[in-house]
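K.L.:
Below are the structure tokens for one structure; questions will follow.
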Amino acid sequence: LDRFESYTREPGGLASNNITTLTFDRSHRLWVGTPGAGLNRLSVDRTTWDLVNAFDGLPSDSVTALRADGDSVWIGTTRGIALWDGQVIRGAVPDPGSVSPFASNVIRGIVRLGDSLFVATSAGVSVARLSQQLATWTNLNQGLFSQDIGGLATDGRQMFVSAGLTTYLWEPVSHQWSLVAGNGAVKRLRDDWGHMTSVSSLGCYEWVRESSGSRWVSIGGPSSDNTPDGGAEFAVDPANHAWASAGPTLWEQAPTLPWPQRRPPAPAGNDVQNVLIDGSRVYVSTLADGVSVAYDG
């Protein structure tokens, strides 16, 4: 990782600089959700942007969750879910004008396992069968101490939710959730390339399945803070190499602590107050992130 490239809001480009969620589809198109400006899609050759919004059938322009399914994408919003079938919005739940099957239409996560589509909301988890065209939804909240779901994720075999700063594992035999502790007060739950991870007050953790039993294993990295979203994000690349962000810093997984940090070649913050030029050096002051300097060499 030797350099950064930026995409920012512009006509015919990214619709907003405020981003809620990202995903890649099978063809490696980048999908970018925003809170109020719809859903952007970057072409495979990284040259053009498309916009999917309420005019295309999206339930809301505030996108909260994305789940790629081949070149189709399940889209969670503040008013329910929709399916992009590779060409158009194929349908939405709830249908416009119909009664919602969800306790809340604020979607927090979407997972497909086989014929089942699981949807997490701010008021619990629901499931329906794809073979039945999602006609009947069933609530799956047994075992949860809180139904205000923070995230829903899977490694392709097991499924987890985060709720009330705690992670729960879905038990398909008993048909309920079981609490799985050992990874701190969880603020974010993620899945990438078959790997389950979480970020908490104690740092970054990976779900590891072993012959002696499955458990959360600490792999270091930044810890979350007291803000609602924890202030830290986490992802794993195809080589099972972890990356985490906290504030303006990108952290790269390393065998020893602390992880090395990488900062993009940009000012410490975007709220620029003053610019001062001194020969080949440019000083930039920000409202809350200090002073940055750019120079040649």
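K.L.:
Here is a check on your reading of the model: is L66 open to solvent by less than 40 Å² (accessible area, probe 1.4 Å), more than 27 Å from V199 (Cα to Cα) and under 18 Å from the mean Cα position of the chain (by Cα)?
P.N.:
In short, no.
K.L.:
For region 79-182, please list each of the strands (runs of 3 or more DSSP E) lying entirely inside it that holds at least 1 residues being charged (D, E, K, R).
P.N.:
Qualifying strands (runs of 3 or more DSSP E): 89-93, 107-113, 124-129, 166-171.
K.L.:
With (1) in a loop (DSSP other than H, G, I, E, B); (2) among the acidic types (D, E); (3) touching a strand residue (DSSP E or B) at 6+ places or on another chain (Cβ under 8 Å) as the list, and E233 as the residue in question, which single condition is left unmet?
P.N.:
(1)
K.L.:
Does A123 meet the test of being surrounded by fewer than 18 Cβ atoms within 10 Å (Cβ to Cβ), free of Cβ contacts under 8 Å to residues at least 40 places away in the same chain and within 22 Å of the chain's Cα centre (by Cα)? Steps first, please.
P.N.:
Working: surrounded by fewer than 18 Cβ atoms within 10 Å (Cβ to Cβ): yes; free of Cβ contacts under 8 Å to residues at least 40 places away in the same chain: yes; within 22 Å of the chain's Cα centre (by Cα): yes.
So A123 passes the test.
K.L.:
Could you tell me which numbered condition P222 fails, if it satisfies all but one of (1) open to solvent by 70 Å² or more (accessible area, probe 1.4 Å); (2) assigned to a loop (DSSP other than H, G, I, E, B); (3) not hydroxyl-bearing (S, T, Y)?
P.N.:
(1)
K.L.:
For S131, only one of the following conditions fails: (1) among the hydroxyl-bearing types (S, T, Y); (2) touching a strand residue (DSSP E or B) at 6+ places or on another chain (Cβ under 9 Å); (3) open to solvent by 20 Å² or more (accessible area, probe 1.4 Å). What is its number?
P.N.:
(2)
Residue by residue, here is whether (1) open to solvent by 70 Å² or more (accessible area, probe 1.4 Å); (2) hydroxyl-bearing (S, T, Y); (3) in contact with a Ser or Thr (Cβ under 6 Å, 6 or more places away or on another chain); (4) assigned to a strand (DSSP E or B) holds:
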position: A254; (1), (2), (3), (4): no, no, no, no
position: W259; (1), (2), (3), (4): no, no, no, no
position: N270; (1), (2), (3), (4): yes, no, no, no
position: Q273; (1), (2), (3), (4): yes, no, yes, yes
position: L276; (1), (2), (3), (4): yes, no, no, yes
position: V282; (1), (2), (3), (4): no, no, no, yes
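The values are calculated or read from the model by the stated rules, or taken from the named source; none is laboratory data. This is a predicted model, so every value here is computed, not measured. Cβ atoms come from the backbone with ideal geometry, glycine included; neighbour counts cover every protein chain shown. Quick note on the areas: whole protein, heavy atoms, side chains included, nothing else; ligands and nucleic acids left out. Shrake-Rupley method; radii C 1.70, N 1.55, O 1.52, S 1.80 Å.
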